[in-house]
Amino acid sequence: MNTSILQQLYEYARERCLQEFLTLGLTKKDFTQIEKRIRGGVREDMALLDLTDRILRIGKAHAEPEHGIVGMDSLVRAFQMMTNYTPREGVPVEVATIFLEYITFFKQEGGYSKPDDVEKFVRLVLSAHQSIDAFAKKHHVDSRISSIAHHVLHWYLQESPHLACRKTPEKLAMIAYAIVRRFQETATEKYFSDYSPEDLVRWGGLKNVASLTSSTSAAFHDVVYGVYDIDLLFVDPVNRPSDWRERLVKVAPALQERFSQPASFLDDPVLPAFPFDDIEEVKERMMNTLQKCVTNNALTLEKLQQYVWEASDHEDPEQAAQTYMKLCLPHISPQIEDDTTLRAIMTAFLDAWNIFPHQQLQGKSPRDMMNEQL
């Protein structure tokens, strides 16, 4: 396989992620440091912790709550895309990226065959993402919506590669935008005017809207049932209605079992504490998470505070974060597997890192330092 196409896909995803970094006020230096960690084999959850920590320490994204929340969602989507498309060296092409590894092994276990021509499939993936950008430019689509369309496309490609490989880039872009639109209208009953079904029909080369509905119905369910981080499918996650789950279950009944899982934290968006959040509310939320998700009662707030203090003795913030996570991760219950709950746990660990005193900050916390700058 020509590895240059893998590099092209990575460079495309990298540029999208970089732009989201810069939008939130981070620098190219911040981006380069995290990119080196990802390409060096650091797990995504560790890199994401570092990423979020940098954002919080800078504080610019959270000067205005709405901007911070929306911007963070777009960055997380782009960050996931970049990590999944990051090429590995010295491995077979079938596992050259996390994305290809998932398709090769997990989907085969589910009875789906991987694409016969991997290089051709990777070219299709890149062209489909570029088609999403072209559609957004032509129809002046809100950047949040196009960001979600990229996220949806990625999940559709993962969940149904055997179907996706038969479609054109334009049809894949059409499917992604159609799913975004249907999801918002189903879960929130809010209708947006960025683009119409007729626009999608023309883009995908279909005959009429009825063809659009029939050709995207199965894809909608593939994505909604497959996506781990359903919160990232909302254009406005903060103002979504309280009955959004019930609305989705009406059209996707299998979600009922997922939504009823007691270990999940689906009631609230998984977001780290803002500098101006009430400190006692942050601690209460952390304690609630720890009580449900750790293997025993050994991990208390006092223990987390001790871990933060011990780890923050390192002058290198990356080394400090790694040491801290090595202390925390063994406490996570092995029975917990769903991504939403794991993100909630990581958020609790991150909150502790930001609200408790650090040795290198002369007894102050990153939150304290940030509040002094705002």
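Of all residues in the stretch 172-201, which are surrounded by 13 or more Cβ atoms within 10 Å (Cβ to Cβ) and over 24 Å from the mean Cα position of the chain (by Cα)?
TYR195, PRO197, ASP199, LEU200, VAL201, listed by residue number.
Given the residues ALA149, ALA136, ALA187, ALA176, which is the only one that is without any contact (Cβ under 8 Å) to a residue 24 or more places away in the chain, closer than 21 Å to VAL227 by Cβ and of a type in the set (A, V, I, L, M, F, W, C)? Spell out the reasoning first.
On the way: ALA149 fails: without any contact (Cβ under 8 Å) to a residue 24 or more places away in the chain; ALA187 fails: without any contact (Cβ under 8 Å) to a residue 24 or more places away in the chain; ALA176 fails: without any contact (Cβ under 8 Å) to a residue 24 or more places away in the chain.
On inspection, the qualifying residue turns out to be ALA136.
State which residue is nearest to GLU159 (Cα to Cα) when the search covers only the stretch 216-253 and only residues that are modelled with pLDDT under 90 and of a type in the set (Gly, Ala, Ser).
Looking at the filtered set, the residue picked out is GLY226.
Which residue pairs have Cβ atoms under 7 Å apart, sit 6 or more places apart or on different chains, and have a first residue in the stretch 190-207 that is closer than 13 Å to ILE145 by Cα and a second that is part of a helix (DSSP H, G or I)?
Going by the 7 Å Cβ cut-off, the qualifying pairs are TYR191/GLU185; PHE192/GLN184; ASP194/HIS139; ASP194/ILE145; TYR195/HIS139; TYR195/TYR177.
Given (1) among the β-branched types (Val, Ile, Thr); (2) out of contact with any Leu (no Cβ under 8 Å at 6 or more places or on another chain); (3) within 21 Å of TYR12 (Cα to Cα); (4) at pLDDT below 80, where does VAL93 come up short, assuming only one miss?
(2)
The values are calculated or read from the model by the stated rules, or taken from the named source; none is laboratory data. Here the structure is a predicted model, which is why all the values come from computation and not from measurement. All Cβ positions, even for glycine, are placed from backbone atoms using ideal geometry, and neighbour counts span all protein chains on display.
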